[in-house]
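First the structure, in the form of structure tokens, and then the observations on it.
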Amino acid sequence: MAIETIKVPDIGGAEGVEVIEVCVKPGDIVSAEQSLVVLESDKASMEIPSPKAGKVVSVLIKVGDKASEGTAVIELEVAGAAAASAPVAAPAQPAPAPVAAPAAASAELAVAVPDIGGGEGVDVIEICVKVGDQVKEGDSLIVLESDKASMEVPSPASGTVLSLAIKVGDKASQGTPVLVLSTGAAAPAASAAAPAASTPAAAPAASVAAGPIAVAVPDIGGAEGVEVIEVCVKAGDEVKEGDSLIVLESDKASMEIPSPASGKVISLAIKVGDKASMGTPILQLAGAGAAPAAPAPAASAPAPVANAPAPAASAPAPIASAAETRGASSDYYAGPSVRMLARQLGVNLAEVKASGPRGRIVKDDVKAYVKSVMENRGKAPASGAAGVVGAGIPQVPEIDFAQFGPVELVKMSKIKKLTAANMTRNWLNVPAVTQFDDADISEIEAFRKSIKDEAEKAGVKLTPLPFLIKACAAALRAEPTFNVSMHADGEHIVQKDYVHIGMAVDTPNGLMVPVIRDVDKKGIYQIAQESNALAKKAREGKLTPKEMQGGCFTISSLGAIGGKGFTPIVNCPEVAILGVSRAEMKPVWNGKEFAPRFMLPLCLTYDHRAINGGDAGRFFTYLNSVLADVRRLLL
Ligand code: CAO
């Protein structure tokens with residue numbers, strides 16, 4: 001037996017990287033390659049594996065420590081060999097070039113797994129192509145995943161896939177045949193295209209000057225036209241050297257571009273959605289002094305592919321809002337071993353609550369998620385308890401419609417996809433009841449018409465909608481059972497003491513629900529002005545997430561379009577929604593005779609967990625009384 005000190009290996013020159021997790025304790029028996037600690041810079045996370053099997057004698061590092069190459073991690077009792085200060089093997093990382101060996105002096109190219117940093121028998125978890133596919137140079141062919149890193153193996157050339165030599169579940173090492181490619185030309189030499197987690201080189205991109213400096217995208221490993229997915233600063237912000245300025249994301253990796261110096265952002269030259277390459281201007285920085293060399297965009301370390309943390313969702317969202325995008329786009333932040341565990345357990349990481357630093361999902365989070373799902377099996381799901389509802393619902397079979405006639409596949413907009421997901425979630429979660437009634441709005445209509453011209457002169461387009469919004473606010477105050485949300489714990493009701501009302505707007509991109517705040521404190525003109533402005537912004541696609549959040553109740557008006565009634569779907573986490581159809585002049589019996597009255601068909605859908613039929617009846621009666629006599633709005 002010998003005691004060896006296990007140290008942090010070469011982590012690509014990174015210095016003082018924070019220890020965010022210590023995975024072992026004294027007495028633990030570890031196997032070779034088992035993770036000892038997790039390091040995380042603000043750009044990448046990496047697991048440091050044990051170079052050999054043994055028993056942990058002592059742990060020399062703790063969470064919060066800063067580690068660099070050579071920092072002692074543990075003392076390990078190993079069998080045989082004399083004690084030595086053993087450097088550990090660097091964590092497996094995707095290495096640059098796939099091996100492309102010419103199959104013959106023909107147009108066929110046999111593609112094999114490139115040098116993957118010494119990784120042996122690494123799992124093939126995805127085959128991205130099939131025989132007959134056309135691939136471009138750099139397209140991913142397969143995805144490999146060890147418990148330390150995941151990596152995509154890109155095609156070294158463009159061509160057609162002739163045959164596959166590998167399948168999901170196979171174990172791959174350097175040289176393992178992947179496929180044969182028909183390149184349509186003499187086989188090219190092995191390409192040096194970098195796979196997923198290649199490390200962009202450091203390159204100063206800021207001009208060196210005492211005054212304002214122009215900051216541009218540094219060398220990002222030759223990548224061209226990479227999409228800007230986040231701009232982390234705005235004009236006027238003070239940034240420190242190393243602070244992230246923008247985040248770029250290709251289909252292979254995401255990287256943050258740090259500030260090369262401290263200073264104040266004068267102006268931005270880039271926006272989300274732009275395509276960036278080395279040299280693309282980012283911003284002007286003032287007061288930066290002599291700009292130091294820009295650090296590399298991503299930590300030059302053996303970093304596994306880790307998605308950037310999702311932007312925080314600030315509030316429960318209406319039908320389409322930024323708060324919904326996290327789950328929908330599977331933006332989560334987790335190391336490869338956590339991803340592997342999640343896959344083994346069939347866990348969708350997008351549904352797991354992160355407890356690690358900077359929103360990182362750790363193994364315990366995955367386990368806690370599985371535990372809660374198991375515990376909740378059979379229990380009635382609370383509102384928003386995603387993941388435990390809808391299970392077992394048979395899938396609608398996929399149908400080839402082309403067999404019946406000509407068809408075209410039209411891509412759904414992001415908002416339409418979000419709306420579809422949210423409608424399904426709300427439909428499955430809410431035991432909803434819809435009640436119908438006709439409100440007599442003859443007086444409101446007469447009043448509206450009498451002041452319509454005056455309103456127009458004041459720049460306000462006055463439709464029945466602002467009266468309805470105002471009347472609903474009064475009804476929410478009168479019947480506070482409607483102004484609640486179900487708490488996610490399934491044991492509480494959240495009673496609200498504010499009245500924010502959402503209105504569904506039909507836009508070319510899909511349904512949006514902007515929210516008018518504090519409706520109970522506003523007059524009809526102000527509500528009309530705000531609803532017109534929000535509807536305009538919605539149609540122009542300019543609503544901010546904040547403008548779509550915080551609603552207590554939604555009105556969906558199809559009055560201008562037509563129809564006699566419909567059953568709107570509750571917009572969770574709200575508990576009720578009012579559907580409005582087209583008002584019509586109708587004969588109404590007044591006790592003596594039929595009188596012509598302007599009747600507005602209303603449909604009130606409510607969540608029967610929060611609201612009883614009696615509550616709904618009272619709400620409707622109150623609402624109708626306010627709509628029947630506009631003076632009541634003053635009360
Ligand atoms: N009955 C009769 N006429 C009505 C009416 C009603 N219930 N509601 C509106 N109208 C009239 C208006 O008075 C206006 O006519 P005038 O100019 O002569 O006064 C005309 O219809 C057009 O109104 P509008 O649509 O411009 O304005 P609005 O305030 O009624 O509606 C908005 C605004 C944003 C709600 C609407 O444009 C919209 O997008 N509605 C669709 C909502 C939707 O898709 N809901 C379904 C979602 S759930 O499946």
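The values are calculated or read from the model by the stated rules, or taken from the named source; none is laboratory data. As the structure is a prediction and not an experimental result, all values here were calculated from the model. Counting neighbours? That spans all protein chains shown, and the Cβs are built from the backbone with ideal geometry, glycine included. Areas reflect the complete protein model, heavy atoms only, side chains present, ligands, DNA and RNA absent. Shrake-Rupley method; radii C 1.70, N 1.55, O 1.52, S 1.80 Å.
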What is the set of long-range amide H partners of ALA261 at a cut-off below 5 Å, with H atoms built 1.01 Å from backbone N?
-> GLY242
Cβ charges +1 (Lys, Arg) and -1 (Asp, Glu), total dipole of segment 391-484, debye = 520
Rounded to whole Hz, the Karplus (6.51, -1.76, 1.60) HN-Hα couplings of segment 166-183, x for glycine and proline | 8, 9, 4, x, 5, 9, 10, 9, 4, x, 4, x, 9, 6, 10, 10, 8, 8
Counting residues in segment 1-70 as N, plug N into 2.2 N^0.38 Å and put the Cα Rg over that result.
-> 1.07
Student exercise, segment 1-53 dipole from Lys, Arg, Asp, Glu Cβ charges, in Debye to nearest 20 = 200
For segment 599-606, just list the computed ³J(HN,Hα) in residue order, Karplus coefficients 6.51, -1.76 and 1.60, θ = phi - 60°, integers in Hz, with x standing in for Gly and Pro.
-> 9, 10, x, 10, 10, 10, 9, 9
Which value, in debye to the nearest 20, describes the size of the charge dipole of segment 431-546 about its Cα centre when Lys and Arg Cβ atoms bear +1, Asp and Glu Cβ atoms bear -1, and nothing else is charged?
-> 660
What translational diffusion coefficient, in µm²/s and rounded to a whole number, does the Stokes-Einstein relation yield for segment 393-525 at 20 °C and a viscosity of 1.002 mPa s, taking the hydrodynamic radius as the Kirkwood radius over Cα pairs?
-> 112
Inter-site label distance for VAL396 and SER372 at 7 Å from Cα along Cβ, in nm = 3.1
Amide H contacts under 5 Å for ARG597, restricted to residues at least 5 apart in sequence or on another chain and with H modeled in the peptide plane, are LYS586, VAL588
Report the accessible area of LEU634, computed with a 1.4 Å probe over the heavy atoms of all protein chains in place, in Å² rounded to the nearest 10.
-> 150
Once you have a ≥ b ≥ c as the square roots of the Cα gyration tensor eigenvalues for segment 387-460, tell me rounded if a/c is under 1.5, and otherwise prolate or oblate according to whether a/b is larger than b/c.
-> prolate
Across segment 474-485, in residue order, what do the Karplus-derived ³J(HN,Hα) couplings come to in whole Hz, using 6.51 cos²θ - 1.76 cosθ + 1.60 with θ = phi - 60° and x for Gly and Pro?
-> 5, 5, 5, 6, 6, 10, x, 4, 7, 9, 9, 9
Peptides 494-505, 122-133 ordered by average Cβ neighbours within 10 Å, highest first | 494-505, 122-133
For ILE516, the residues 5 or more places away or on another chain with a placed amide H closer than 5 Å to its own amide H are ILE501, GLY502, MET503
Rh by Kirkwood over Cα pairs, then Stokes-Einstein D for segment 495-609 at 1.002 mPa s and 20 °C, µm²/s | 137
Across LYS167/LYS353; LYS416/LYS470; LYS130/LYS275; LYS496/LYS546, pairs whose alpha-carbon gap is larger than 21 Å | LYS167/LYS353; LYS416/LYS470; LYS130/LYS275
